1. In debye to the nearest 20, how big a dipole does the range 8-100 give about its Cα centre with +1 on each Lys and Arg Cβ and -1 on each Asp and Glu Cβ?
2. Express in nm, to one decimal, how much length is gained between A78 and W99 on full extension, taking 0.36 nm for each residue of separation and deducting their alpha carbon distance.
3. If you look at just the Cα atoms of the range 278-383, how large are its Rg and its Dmax in Å?
4. Taking a threshold of 19 Å on the Cα-Cα distance, which of the pairs K279/K383; K141/K464; K141/K463; K294/K354; K141/K457; K141/K454 fall above it?
5. If the viscosity is 0.890 mPa s and the temperature 25 °C, what Stokes-Einstein diffusion coefficient in µm²/s follows for the range 8-100 when Rh is the Kirkwood radius over Cα pairs?
6. For the range 333-415, what D do you get in µm² per second when you plug the Kirkwood radius from alpha-carbon pairs into Stokes-Einstein at 4 °C and 1.567 mPa s?
7. May I ask for the longest run of the chain untouched by chymotrypsin sites (Phe, Trp or Tyr not before Pro) that are loop-located per DSSP and have at most 16 neighbouring C-beta atoms (other than their own) within 10 Å?
8. May I ask you to list the lysines whose Cα is less than 17 Å away from that of K241, ignoring any residue fewer than eight positions away on the same chain?
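Just so it is clear, none of the values below were taken in a lab; they were calculated from the coordinates. Not measured: the values here are computed from a predicted model. Because the Cβ atoms are built from the backbone with ideal geometry, glycine has one as well, and the counts that use them run over all protein chains shown.
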Amino acid sequence: MALTLGSAPRKVWQTLSSIKTGVVLIILVVIFSAAGTVILQRPMTDPDDMQRAYSPDMLRFLDFTGLTDVYHTRWFIALLLLVSLSIIAASIERFPNSWRYYARPYKSPDASFRRVLATQVSIPILQEEQGLSAAERAFRKMGLRAERIVRPQSFSLFSERHRVSEMAVYIVHASLLLIFLGGIVDALWGWRGFIMLTPGSQTSAVELRTGATRTMPFELRCDGTGEEIYADGSPKRWWSKLAVVKNGRDVARKEISVNDPMVYRGVRFYQASYGRTGKIDRLILNVTPANDPKAQPREISLAMNQPVVLDADTSVEMTEFIPDYVVQDGHVYTRSNDVQNPAVHLVVTSQKTKKAVNVWFPEIPGFAENAASPYTFDPKDLKTGYYTGLQVSHEPGQWAVWAGVILMAIGLSFVFYIVHQRYWVVPVHDADTGAITLWIGGAANRNRDAFEHKFEKLVAEIKKELPAQARATRSVRTAQIAGK
């Protein structure tokens, strides 16, 4: 039968507020979140690494479905919104009953309730007051506060502990909503990018994952970078000394490493990579006149395109550095930026003759004129440039995520470790025999085995208190009879 206009919204509400719907949606969020940790994500992963990890067809599929950037896809944001709405609907649907149960606890059990309660014991007593007084003393010994419930035709005791445990589920609901809110805010208004700096350089531009550039309201400067290595040569730790520059002055400084980022005004800078720039900083050489090989060598330091005077007539300049050279088709090419097979091109110039001599290290046949140089050069040290790769992120929703995590820890502590315990004590009269029994009942919302043990201890304490009271009652009666 077709749904009427009035029943359609109600049907949607019932589906949205269903526990099954919420569980399915949360499972989907967990699955796709796990996929985001297992599948390499852009832009944090280098494109070459992505291509090496997946086949071209698989990479196209992952990019098309958004699985290479799960947390920023529209469908994942929609899923977070949907599960948030489901949690809100389920809470609204069930909260009125829960609140009535919390605000107005059931303190005076009737006969039908007493018959069906799972945990109960009946003890014969002589008088109502005798039994209630004994129960009160037992409650005090067990650390429970007893409340006397007075009704027109009956008296009873009620005690409870940790009633707030009944509302713990809503604390967990609120924590989930905060976590999802943080994820949605980050996905919509957060951004991530990358900065590459060399020591001494600074920038305010961040290259975003979309390829666009974002300008920060301050500049970031690198004052130094390096790595620590293990004995086998493998990297142990990358570090960078960073400074935030605003209005021409340093406002923050920190040395960061892989697991220790720098945070300034909500922007986080993570140490992501480290390596050689493929450029040279300094070349240290020993220089000796070619016509006097026994002369004392002189040490000089060359920077790129900065001539150094050797004598009144001669100067030398480093004009080219190739970190990994290869000779092909009569030309010297750069094979990679890794300093694996370096080559340096020097030009020795005479001011009088205006003649330039090409000196190469190593001496490349067909290019080097080392023998014609008025000076011989002996390379001692090669100082190449290094860069630090920084991952930059602005996540305005992280406060909500962390607040949700803390709130969830509190809520789960109540759910698993705080048990709502209720105890009732009611004197019951048998209309047929006139006998009086002390009915004792208890209930707990979870961890029933532990509660049963505590209930047994309470019953045992009440039984301990009853004989002394009964003896006192019998003594009074004996004294009254003797007086007569």
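1. Working: 9 positive and 7 negative charges, 154 e Å.
Computed charge dipole of the range 8-100: roughly 740 debye.
2. So the chain would gain 4.5 nm between A78 and W99.
3. 13.7, 40
4. With Cα atoms farther than 19 Å apart: K294/K354.
5. 160
6. Calculated translational D: 69 µm²/s.
7. Numbers: sites that count: Y106, Y230, F367.
Counting at most 16 other Cβ atoms within 10 Å as exposed, the longest clean stretch of the chain is 231-366.
8. K254
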